[in-house]
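Let me begin by presenting the structure, written as structure tokens, before commenting on it.
The values are calculated or read from the model by the stated rules, or taken from the named source; none is laboratory data. All figures in this text were calculated on a predicted structure; none of them were measured in a lab. Virtual Cβ from ideal backbone geometry, glycine too; neighbours counted across all protein chains shown. All accessible areas refer to the heavy atoms of the entire protein, side chains included, with ligands and DNA or RNA removed. Shrake-Rupley method; radii C 1.70, N 1.55, O 1.52, S 1.80 Å.
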Amino acid sequence: MEYLLAFGSTHRVLKAEKVLKGKGVSFRLNPSPPSLAAYCDLVITVSEESLSGAKAALIAANLKPKAVYKAEGGAYAKV
């Protein structure tokens with residue numbers, strides 16, 4: 001299962017990318033799916049196993065995601 005982290009701006013996504021790389025958290029930087037494009041052009045995608053580590057690292061860096069979505073067969077549910 002995968003989760004998408006939306007930040008509200010490309011600048012914040014790129015800052016989050018730097019934080020996650022520095023902490024060794026596994027993630028992917030992806031274009032936002034069309035249904036979530038209102039939040040940002042880019043999202044960070046993490047596995048279920050990496051989600052808690054990613055959230056902890058981002059909160060510690062004062063970069064809490066605006067929203068987290070769970071990918072469910074082509075649709076995205078806010079969690």
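Between the Cα long axis of helix 10-23 and the first principal axis of the chain there is an angle of about 50°, rounded to the nearest 10. Each of Ala67 and Leu29 was given a label point 7 Å from its Cα along the Cα-to-Cβ line. The distance between the two points is 2.2 nm.
Gain on full extension, evaluated as 0.36 nm per residue between Met1 and Ala77 minus their Cα-Cα distance, stands at 26.1 nm. The lysine pair count for the chain, using Cα distances under 19 Å and pairs eight or more places apart or on different chains, is 18. Remark: the chain carries 57 Å² of accessible area per residue (probe radius 1.4 Å; ligands, DNA and RNA excluded).
Note: relative contact order over the chain, using C-alpha pairs below 8 Å and six or more positions apart, is 43 percent. Of the accessible area of the chain, computed with a 1.4 Å probe over protein heavy atoms only, carbon and sulfur atoms account for 53 percent. The angle separating the long axis of helix 48-60 from the principal Cα axis of greatest extent in the chain is about 60 degrees. Given the alternatives (i) 30, 25, 17; (ii) 41, 34, 16; (iii) 38, 38, 21, Cα extents along the principal axes in Å as computed for this entry is given by (i). P(r) for segment 1-46, from all Cα pairs and a bin width of 5 Å, is 5, 26, 35, 22, 10, 3 %, short bins first. Can you tell me how segment 32-76 classifies by the Cα gyration tensor, rounded, prolate or oblate, using a/c under 1.5 as the rounded cut? Here segment 32-76 falls in the oblate category.
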